[in-house]
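Chemist: One structure is given below, represented as structure tokens, and several questions about it will come after.
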Amino acid sequence: MMNKPHRDTISVEQAEIISHDAYDGDQYLLRVMAPEVAATAKAGSFVHISCDPMLPMRRPISIMRVDKDKGWVDFLYKALGYGTGLLSKRQVGEHLSIMGPIGKPFSVDLNRPRALLIGGGVGMPPMIFLAETLKSLLGSQPFAILGSEVPFPFTAKPSTLMLPGIPDGVIASMPLLEDWGVPSRLASLQGYAGCYEGYVTDLARHWLDALTVEQRNEVIVYACGPHPMLEAVAKLASEYQLPCQVSLEEFMACAVGGCAGCVVEVKTDNGPAMKRVCVDGPVFNAEQVF
């Protein structure tokens, strides 16, 4: 295995595929052996993957889990285009060139132990990584709301972890989080059993309204997902005067800040500025971008 250091914390690593499972809705769970990436990855960071040797452009994919001791890294992705379509055909035992970890991760606020994590679609993986991080660092139990309009890439499990304000019958949870003791609930407009019938922000509102003022003062919101969902989450956080961090999803070419192809307008103390999502983000304070 040959690793080439890049910008001190970013490496190019030949990662062996050790599992690659398909789920409904063209969703895939990929696990690779990548000890260099696993060693320094943080919740919110991503990698740039070479999907196929014949495809010159890499694709950015968020990190869902790592095991620093064993050296593996998990990715959950959706085969949306040509590149990820090629990636979905790669087999166990093959090697992928991955560059990472890249990007500014989520910041943990020790003064806000009551974290609300909101993930939509392929925005779910960073929330899973963050949930594991928060539980390890704070010993607290964040609450994760996961939304999808295609079948979830796991078999939902009835939750035994009760939460204030959650409507009766909304019991579907992600098994991995449930096993960790992290409460989660699922939301969708597709009528899936046990899921909240509505938007993730509507379910979040039920929970927030059931908290006391003191409890709400301990809340911080983290989100990753489609732009309209992030905008709605930012508005919700602003309404409740809660700090909120969002991870943006933008098309990227180089992913290391050289091409400026993923810039977004960000509010700063000195006025609007153009920031690169790949290295200045992908995580920003919500009020900066919405």
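Here, each number is a calculation from the coordinates, and none is a lab measurement. Given the structure is predicted, the values throughout are model-derived calculations rather than measurements. With ideal geometry, Cβ positions are generated from the backbone for all residues, glycine too; neighbour counts draw on all protein chains shown.
Chemist: By count of other Cβ within 10 Å, fewest leading, how are His227, His20, His48 ordered?
Modeler: Details: His227 13, His20 19, His48 23.
Ranked by crowding around the Cβ, least crowded first: His227, His20, His48.
Chemist: Right, next: For the chain, give the magnitude of the charge dipole about the Cα centre (Cβ charges: +1 Lys/Arg, -1 Asp/Glu; no others), in debye to the nearest 20.
Modeler: Numbers: 24 positive and 31 negative charges, 98 e Å.
That gives the chain a dipole magnitude of about 460 debye.
Chemist: Under 5 Å between amide hydrogens, which residues at least 5 positions from Ser11 or on another chain qualify, with H placed 1.01 Å from N in the peptide plane?
Modeler: His6, Gly100
Chemist: Using +1 at the C-beta of Lys and Arg and -1 at the C-beta of Asp and Glu, which of Ala22, Ile171, Phe152 has the Cα lying farthest in the positive direction of the dipole of the chain?
Modeler: Ala22
Chemist: Taking springs between alpha-carbon atoms closer than 10 angstrom, which of Thr212, Thr133, Thr40 fluctuates most in the Gaussian network model of the chain?
Modeler: Thr212
Chemist: Let me ask another. Of all chymotrypsin sites (Phe, Trp or Tyr not before Pro) in the stretch 209-279, which ones are in loop regions per DSSP and have a Cβ with at most 10 other Cβ atoms within 10 Å? Display every interim value, and only then the final one.
Modeler: On the way: sites: Tyr222, Tyr240, Phe251; in loops: Tyr240, Phe251.
Hits after loop and neighbour filter: Phe251.
Chemist: Quick one: net charge around Leu130, please, counting Lys, Arg +1 and Asp, Glu -1 for every other residue with C-beta under 15 Å from its C-beta. Each step should come with its number before you reach the end.
Modeler: On the way: positive: Lys42, Arg65, Lys104, Arg112, Arg114, Lys135; negative: Asp74, Asp109, Glu132.
Cβ neighbours under 15 Å give a net charge of +3.
Chemist: In straight Cα distance, which lysines are under 17 Å from Lys135, not counting same-chain residues fewer than 8 positions off?
Modeler: Straight-line reach from Lys135, under 17 Å: Lys42, Lys68.
Chemist: Evaluate the relative contact order of the stretch 70-143 (contact order divided by residue number), counting alpha-carbon pairs under 8 angstrom at least 6 apart; express in whole percent. Could the numbers behind the result be given before it?
Modeler: Working: 40 pairs, mean separation 20.8, N = 74.
The value is 28 percent.
Chemist: If you don't mind, another one. Can you compute log10 of I(q)/I(0) for the stretch 151-290 with the Debye formula, treating each Cα as one identical point scatterer, at q = 0.11, 0.18 Å⁻¹?
Modeler: -0.51, -1.08
Chemist: Using the basic label-point model (7 angstrom from Cα toward the beta carbon), what is the Glu287 to Leu161 distance in nanometres?
Modeler: 2.9 nm
Chemist: Follow-up question, since we're still on this one. So what is the 222 nm mean residue ellipticity for the chain from helices alone, if each DSSP H run of at least 4 adds -39500 (n - 2.57) and you divide by all residues, rounding to the nearest 500 deg cm²/dmol? List each step's numbers first, then the result.
Modeler: Values: 8 runs with 65 residues, N = 290.
Mean residue ellipticity, 222 nm, calculated: -6000 deg cm²/dmol.
Chemist: Let me ask something else about it. What angle do you read, to the nearest 10 degrees and between 0 and 90, between the alpha-carbon axis of helix 227-239 and the longest principal axis of the chain?
Modeler: Result, in degrees: 40.
Chemist: For the chain, modelled as a GNM with alpha-carbon contacts under 10 angstrom, which of Val66, Val150, Val277 fluctuates the most?
Modeler: The residue with the greatest mean-square fluctuation here is Val150.
Chemist: Magnitude of the Cβ-charge dipole of the stretch 65-197, K/R +1 and D/E -1, about the Cα centre, nearest 20 debye?
Modeler: On the way: 12 positive and 11 negative charges, 57 e Å.
Value, rounded to 20: 280 debye.
Chemist: I need Ser173, Ser238, Ser11, Ser136 ordered by Cβ neighbour count within 10 Å, fewest first.
Modeler: Ser136, Ser238, Ser11, Ser173
Chemist: Can you give me the relative contact order of the chain as a percent, contacts being Cα pairs under 8 Å and 6 or more apart?
Modeler: Normalised by residue count, the contact order of the chain is 16 percent.
Chemist: Would you mind calculating the relative contact order of the stretch 4-102 from Cα pairs under 8 angstrom and at least 6 residues apart, reporting the percent as a whole number?
Modeler: Values: 222 pairs, mean separation 37.9, N = 99.
The normalised contact order for the stretch 4-102 reaches 38 percent.
Chemist: Between Val92 and Glu231, how many nm apart are label points set 7 Å from Cα along the C-beta direction?
Modeler: Taking the simple label geometry, Val92 and Glu231 are separated by 4.3 nm.
Chemist: Which ordering of Ile17, Ile49, Ile166, Ile220 is given by a fewest-first count of other beta-carbon atoms within 10 Å?
Modeler: Working: Ile17 16, Ile49 25, Ile166 19, Ile220 22.
Least to most surrounded, the residues fall as Ile17, Ile166, Ile220, Ile49.
Chemist: Could you list, by residue number, the cysteines of the chain that have no other cysteine's beta carbon within less than 4.7 Å of their beta carbon?
Modeler: Unpaired cysteines in the chain: Cys51, Cys195, Cys224, Cys244, Cys262, Cys278.
Chemist: Still on this structure: Which residues make up the longest stretch of the chain clear of GluC sites (Glu not before Pro) that lie in a DSSP loop with no more than 14 other Cβ atoms within 10 Å, not counting the sites?
Modeler: Numbers: sites that count: Glu94, Glu149.
The answer is 150-290.
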